[in-house]
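This report concerns only the one structure given below.
The values are calculated or read from the model by the stated rules, or taken from the named source; none is laboratory data. Worth saying up front: this structure is predicted, and the values here are computed from it rather than measured. Because the Cβ atoms are built from the backbone with ideal geometry, glycine has one as well, and the counts that use them run over all protein chains shown.
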Amino acid sequence: MRITGAWLTQGPTQAVLGMLGAAGHQAYCVGGCVRDALIGRPVSDVDIATDAPAAQVAALAKAAGLKPVPTGIDHGTVTVVADGQGFEVTTFRRDVETFGRHAVIAYSDRLEDDAARRDFTINALYVGADGRLTDPLGGLPDLMARRIRFVGAPADRIREDYLRILRYFRFQAHFGDPVRPMEPEALAACAAHAAGVATLSAERIGTETRKLLAAPDPSRALGAMADTGVLARVLPGADPAPLALMVHLEGGVLPPRWLRRLAALAPRDDTARDALRLSRAEARDLSHLRQHAATDAAPAALGYWLGTDLGCDAVLAQAARRCELLPPGWQAEVARGAAQRFPVAARDLMPDYTGPALGARLRELEWRWVASDFALDRAALLA
């Protein structure tokens, strides 16, 4: 089988593959770029695996007029920049001993050794400069069947890196069959090693969770995470039940915003902030979303308080938490609310009110104005 596409046939990719091939080395594009190309998804980053040692890769790149960057040379990786595009080039490796994320490795000249240490079979697909596909572990049938299968024994792969538990559910959400039962052995291994998630950094957990929640429909994967005890390790108190309704309400029309979906899970603000290492802005938006979704505020009011995007998110979260349908014309109502401007200013209340009393009076009038559906004008409010 051969693969084609601009990502493979364009100059930069061919320059890096050709540089290695001309020196007598094996060189293959591998992993996500091959997987995505096979299922018709856009290809972004292109990773390359080779039997050439990292120092040799760097020397060859320099001789070919390309720019080598030693981004991970101690681990066999050199980033080669060709025409402004970076390619991570990594030497074939095999594990000698593994413990958590750390491993004792040995470099290899066998593609099969490299494939054996990857996480899932659909990520162990290789394609050469001529587009010929090499599939040492049966990843292509798994990809076509939308079956997420660990390379080798799931427990072994997980013990090598506990992040693979979260990656398993993320790949289920993005690439798995929505009907086919998940692999029992894989789920059992995730459940048995769920405690290992606690050893991961919040940054790594946050990155995987964002990607999972951004899938077209992550509800089934989140449900499996809850069943295996993994979700409670990641986000204590999170409830995956409303997420399926939220995805249904989005209707494939609204973009799958991960923060909106996180609000539907309703973990505590401080739990989500710390567990996922949210930025200050993300934590603020999540807090506002959860607070307003817990009220009975109308869509227009939510639009006024939160703006168009967050207001829409709050309406969806509100409906999902209550197991209700969206009200007619809700998006127009959110936009109407977002366009409103409070007609009273601080100077209108001075000098009768000053200091904290001024702020309290302004807030009181603003709430009255919103509660009137923006009907009260300046004169009525000041009266």
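Looking across the range 258-282, the residues that are crowded, with 18+ Cβ neighbours inside 10 Å and either among the basic types (Lys, Arg) or assigned to a loop (DSSP other than H, G, I, E, B) (or both) come down to Arg260, Arg261, Ala266, Pro267, Arg273, Leu278.
No other residue among Asp130, Asp161 is surrounded by fewer than 20 Cβ atoms within 10 Å (Cβ to Cβ), closer than 20 Å to Ile205 by Cβ and not polar (S, T, N, Q) apart from Asp161. Is there a residue being in contact (Cβ under 8 Å) with a residue 60 or more places away in the chain, among the charged types (D, E, K, R) and surrounded by fewer than 22 Cβ atoms within 10 Å (Cβ to Cβ) anywhere in the range 111-122? Yes, the range 111-122 contains at least one residue that is in contact (Cβ under 8 Å) with a residue 60 or more places away in the chain, among the charged types (D, E, K, R) and surrounded by fewer than 22 Cβ atoms within 10 Å (Cβ to Cβ).
Thr4 meets all of the listed conditions (1) without any contact (Cβ under 8 Å) to a residue 60 or more places away in the chain; (2) part of a loop (DSSP other than H, G, I, E, B); (3) not acidic (Asp, Glu) but one, namely (1). Within the range 86-108, which residues are among the charged types (D, E, K, R) and at pLDDT below 90? Hits for the range 86-108 are Arg93, Arg94, Asp95, Glu97, Arg101.
Residues in the range 270-311 that are in contact (Cβ under 8 Å) with a residue 40 or more places away in the chain and among the aliphatic types (A, V, I, L, M) were compared, and the one that is nearest to Ala335 (Cα to Cα) is Ala300.
Yes or no, residue by residue, for (1) touching a Leu at 6+ places or on another chain (Cβ under 6 Å); (2) among the charged types (D, E, K, R):
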position	(1), (2)
Ala301	no, no
Gly311	yes, no
Leu316	yes, no
Arg321	no, yes
Pro327	no, no
Glu333	no, yes
Pro343	no, no
Ala375	no, no
Leu381	yes, no
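Cβ-Cβ contacts under 6 Å between residues 6 or more apart (or on different chains), taken from a first residue in the range 12-29 that is in the same structural domain as Gly131 (by TED's automatic domain parsing) to a second residue that is assigned to a helix (DSSP H, G or I), are listed as Met19/Leu60; Ala23/Leu60; Ala27/Leu17; Ala27/Leu20; Ala27/Gly21.
Consider the range 68-94 and keep the residues that are more than 28 Å from the chain's Cα centre (by Cα) and surrounded by 14 or more Cβ atoms within 10 Å (Cβ to Cβ). The one that is nearest to Pro216 (Cα to Cα) is Arg94.
Scanning the range 185-223 for residues that are part of a helix (DSSP H, G or I) and closer than 15 Å to Phe175 by Cα yields Glu208, Lys211, Leu212, Leu213, Ser219, Arg220, Ala221, Leu222. The single condition from (1) closer than 28 Å to Tyr162 by Cα; (2) free of Cβ contacts under 8 Å to residues at least 40 places away in the same chain; (3) surrounded by 19 or more Cβ atoms within 10 Å (Cβ to Cβ) that Ala58 fails is (1).
Matching residues to (1) in contact with a Lys or Arg (Cβ under 9 Å, 6 or more places away or on another chain); (2) in contact (Cβ under 8 Å) with a residue 12 or more places away in the chain; (3) buried (at least 16 other Cβ atoms within 10 Å of the Cβ):
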site	(1), (2), (3)
Thr199	yes, yes, no
Glu203	yes, yes, no
Glu208	yes, yes, yes
Leu212	yes, yes, yes
Pro216	no, yes, no
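Conditions (1) touching a His at 6+ places or on another chain (Cβ under 6 Å); (2) not charged (D, E, K, R); (3) not in a loop (DSSP other than H, G, I, E, B), marked per residue:
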residue: Pro42; (1), (2), (3): no, yes, no
residue: Ala49; (1), (2), (3): no, yes, yes
residue: Ala52; (1), (2), (3): yes, yes, no
residue: Val57; (1), (2), (3): no, yes, yes
residue: Gly65; (1), (2), (3): no, yes, no
residue: Val78; (1), (2), (3): no, yes, yes
residue: Thr90; (1), (2), (3): no, yes, yes
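Asp156 meets all of the listed conditions (1) within 23 Å of Asp227 (Cβ to Cβ); (2) buried (at least 17 other Cβ atoms within 10 Å of the Cβ); (3) over 21 Å from the mean Cα position of the chain (by Cα) but one, namely (2). State whether the residues of the range 256-279 include one that is of a type in the set (A, V, I, L, M, F, W, C), farther than 25 Å from Val197 by Cα and out of contact with any Phe, Trp or Tyr (no Cβ under 6 Å at 6 or more places or on another chain). There is no residue in the range 256-279 that is of a type in the set (A, V, I, L, M, F, W, C), farther than 25 Å from Val197 by Cα and out of contact with any Phe, Trp or Tyr (no Cβ under 6 Å at 6 or more places or on another chain).
Please find, within the range 270-292, the residue that is farthest from Val370 (Cα to Cα) out of those that are out of contact with any Lys or Arg (no Cβ under 6 Å at 6 or more places or on another chain) and of a type in the set (Gly, Ala, Ser). This residue is Ala275.
Give me the helices (runs of 4 or more DSSP H) completely within the range 283-383, filtered to those with at least 2 residues that are surrounded by fewer than 21 Cβ atoms within 10 Å (Cβ to Cβ), ordered by residue number.
Numbers: elements: 299-306, 308-322, 330-338, 355-371, 378-382.
Helices (runs of 4 or more DSSP H) meeting the threshold: 308-322, 330-338, 355-371, 378-382.
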